[in-house]
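Note sheet for the following structure.
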Amino acid sequence: MSKMCANCANRMPSGESRPRPNGHGLTSCQLDSLECLMKDGRFKKQYSLWKEKTKMKEDKKVQVNPSVEQSENLINAFDYLNEKLFDSKLPRPMLLFTRNPKILGGYFSNEKWFNTDGTKADEIALNANQLVEGDEIEIFGILIHEMTHQWQFHYGSPGRGGYHNREWADFCLTIGLKPINVKDPDAETGDAINTILVKGGRAMLALANMPETITIPFYSELMDAPSAPEEPKGPQAPEEVPVPKPKSGSRTKYTCTICGTNLWGKNGLKIMCMACDQVFTETV
């Protein structure tokens, strides 16, 4: 016949005359019932200590280190892609995230870091705007694109400034990237070039078989997202404002996609950013 706890009336297994003690010095019924525990003054101190230790363990579990987690996963992704697509020939670069909204995908910059021994390191930066949840393939595809520039710097002949030459385009095709000129979709070379994954290509297969342990732990909200215009109140329709036509002889805006420096000049200029060794691109 089962017995009951004198404090809370919780039933106990048959044959036991009192609640069972556990490793914390508290009885099972008292752990299940705070009201029961507080009625028994003998356990108040033990309960407080136990709750404090439990809270510390819980806090430790939820504590995260975003810088370490993000960096470790990005390094692991670089190492994996380096092995699958570049025969592990590329040296580890300084992997960064940029918050510059003028950089669409990312950039590669050669040997911009060094330590006290004089050892130099390249730099690859990825745009945080690409880190929206579910777009891991997109961000890893951009990483592969920048790794092709690193390959060309160490093992090929890069074009002037940010020009994507024929050697670079041909190498991209060998690993399953299709270069597309932003201004001329039929061209594979030029200053502003995007790359897409070739279906069934080496890059797509490498990403499809990437270990599940390599991921993007933290995502980013879009920067400088335009706010939605306020809806007009009442029946009045919004007034149409004519778009001014560009004046003849108006200047064109040029931007360095690495440092974000802007210049204005006549259309068709070829301008080099000497600080970044990058060709300025025309922007709207």
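Among the listed residues GLY156, GLY141, identify the single one that is out of contact with any strand residue (DSSP E or B) (no Cβ under 7 Å at 6 or more places or on another chain), closer than 21 Å to ILE193 by Cβ and not basic (Lys, Arg). If you could, list the steps in order and put the result at the bottom.
Numbers: GLY141 fails: out of contact with any strand residue (DSSP E or B) (no Cβ under 7 Å at 6 or more places or on another chain).
Only one candidate qualifies: GLY156.
Taking segment 187-235 as the search range and keeping residues that are loosely packed, with under 10 Cβ neighbours inside 10 Å and of a type in the set (S, T, N, Q), which one is modelled with the lowest pLDDT?
Of everything passing the filter in segment 187-235, SER227 is modelled with the lowest pLDDT.
So which residues in segment 73-121 are in contact with a Lys or Arg (Cβ under 8 Å, 6 or more places away or on another chain) and over 17 Å from HIS149 (Cβ atoms)?
ILE75, ASP79, LYS84, PHE114, listed by residue number.
Are there any pairs, at least 6 apart or on different chains, whose C-beta atoms fall under 8 Å, with the first in segment 127-154 and closer than 23 Å to THR189 by Cα and the second among the charged types (D, E, K, R), and if so, which?
From residues that are closer than 23 Å to THR189 by Cα, the pairs are GLN150/ASP122; TRP151/LYS89; GLN152/GLU167; PHE153/ASP122; HIS154/LYS89.
Quickly run through segment 175-187 and pick out the residues that are in contact (Cβ under 8 Å) with a residue 24 or more places away in the chain and on the phi < 0 side of the Ramachandran plot.
Here is the first cut: in segment 175-187, the residues in contact (Cβ under 8 Å) with a residue 24 or more places away in the chain are 175-177.
Answer for segment 175-187, where residues must be in contact (Cβ under 8 Å) with a residue 24 or more places away in the chain and on the phi < 0 side of the Ramachandran plot: ILE175, LEU177.
How many of the residues in segment 142-168 are surrounded by fewer than 21 Cβ atoms within 10 Å (Cβ to Cβ), among the small types (Gly, Ala, Ser) and at negative phi?
Selection size over segment 142-168: 3.
From the list PHE153, PHE140, which one is farther than 16 Å from GLN70 by Cα and aromatic (Phe, Trp, Tyr)?
Numbers: PHE140 fails: farther than 16 Å from GLN70 by Cα.
None of the other options fit; the residue is PHE153.
Only residues that are among the charged types (D, E, K, R), touching a helix residue (DSSP H, G or I) at 6+ places or on another chain (Cβ under 6 Å) and surrounded by fewer than 16 Cβ atoms within 10 Å (Cβ to Cβ): list them for segment 68-125, please. Lay out the reasoning, then the answer.
Going residue by residue through segment 68-125, those that are among the charged types (D, E, K, R) are 69, 72, 79, 83-84, 87, 89, 92, 99, 102, 111-112, 117, 120, 122-123.
Next cut, touching a helix residue (DSSP H, G or I) at 6+ places or on another chain (Cβ under 6 Å) only: 84, 99, 122.
Answer for segment 68-125, where residues must be among the charged types (D, E, K, R), touching a helix residue (DSSP H, G or I) at 6+ places or on another chain (Cβ under 6 Å) and surrounded by fewer than 16 Cβ atoms within 10 Å (Cβ to Cβ): just ARG99.
The values are calculated or read from the model by the stated rules, or taken from the named source; none is laboratory data. Only a predicted model underlies this, so the values are computations on that prediction, with no experimental measurement involved. Note that each Cβ is placed from the backbone with ideal geometry, even for glycine, and that neighbours are counted across all protein chains shown.
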